[in-house]
Amino acid sequence: MYIAVSKVEPLSNYMLHLTFKGGEEKLFDMKPYLEHGIFKGLKDESMFMTATIFFDTVGWANNADIDPETLYEDGKLVGN
């Protein structure tokens, strides 16, 4: 299955509200990633809020991006 993010909304507390091409909506917690590599720059909340769609996944203004499979597999379904 090809996984692609179609919409992202950065939320408070380093959460992402994601919509995938199949229509599923999930919440993804970025906090566990903020101590590693390029993701450290996302601790700056204004940088975190720059989240946008970047080639079917989520990317930020500091050139960080994250694998869409990780977002899908580790995200929690909205409403469940």
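The values are calculated or read from the model by the stated rules, or taken from the named source; none is laboratory data. The structure displayed is predicted, hence computed values, not measured ones. All Cβ positions, even for glycine, are placed from backbone atoms using ideal geometry, and neighbour counts span all protein chains on display. These accessible areas exclude ligands, DNA and RNA; they are computed on the full protein's heavy atoms, side chains included. Shrake-Rupley method; radii C 1.70, N 1.55, O 1.52, S 1.80 Å.
Is it true that residue 27 is assigned to a helix (DSSP H, G or I), under 13 Å from the mean Cα position of the chain (by Cα) and of a type in the set (A, V, I, L, M)?
On the way: assigned to a helix (DSSP H, G or I): no; under 13 Å from the mean Cα position of the chain (by Cα): yes; of a type in the set (A, V, I, L, M): yes.
The answer is no for residue 27.
Let's see how each residue does on (1) among the small types (Gly, Ala, Ser); (2) assigned to a strand (DSSP E or B); (3) at pLDDT 95 or above:
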site: 8; (1), (2), (3): no, yes, yes
site: 18; (1), (2), (3): no, yes, yes
site: 22; (1), (2), (3): yes, no, no
site: 35; (1), (2), (3): no, no, yes
site: 38; (1), (2), (3): no, no, yes
site: 42; (1), (2), (3): no, no, yes
site: 47; (1), (2), (3): no, no, yes
site: 50; (1), (2), (3): no, no, yes
site: 63; (1), (2), (3): no, no, yes
Find all pairs meeting these conditions: Cβ atoms under 6 angstrom apart; at least six residues apart or on different chains; first residue within the range 53-79 and basic (Lys, Arg); second residue surrounded by fewer than 17 Cβ atoms within 10 Å (Cβ to Cβ).
76/27
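Identify all residues within the range 35-61 that are touching a Leu at 6+ places or on another chain (Cβ under 8 Å), surrounded by 15 or more Cβ atoms within 10 Å (Cβ to Cβ) and not small (Gly, Ala, Ser); write none if there are none. If you could, list the steps in order and put the result at the bottom.
Residues of the range 35-61 touching a Leu at 6+ places or on another chain (Cβ under 8 Å): 40, 42-43, 48, 51, 57-58, 60.
Filter once more, so that each one left must be surrounded by 15 or more Cβ atoms within 10 Å (Cβ to Cβ): 42, 48, 51, 57-58, 60.
Within the range 35-61, 42, 48, 57, 58, 60 qualify.
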Scanning the range 2-34 for residues that are among the basic types (Lys, Arg) and touching a residue at least 40 places away in the same chain (Cβ under 8 Å), which turns out most open to solvent (accessible area, probe 1.4 Å)?
7
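Could you please find all residues in the range 66-76 being open to solvent by 70 Å² or more (accessible area, probe 1.4 Å) and touching a strand residue (DSSP E or B) at 6+ places or on another chain (Cβ under 6 Å)? Steps first, please.
Looking only at the range 66-76, we keep the residues that are open to solvent by 70 Å² or more (accessible area, probe 1.4 Å), and these are 67, 73-74, 76.
The answer is 76, and nothing else.
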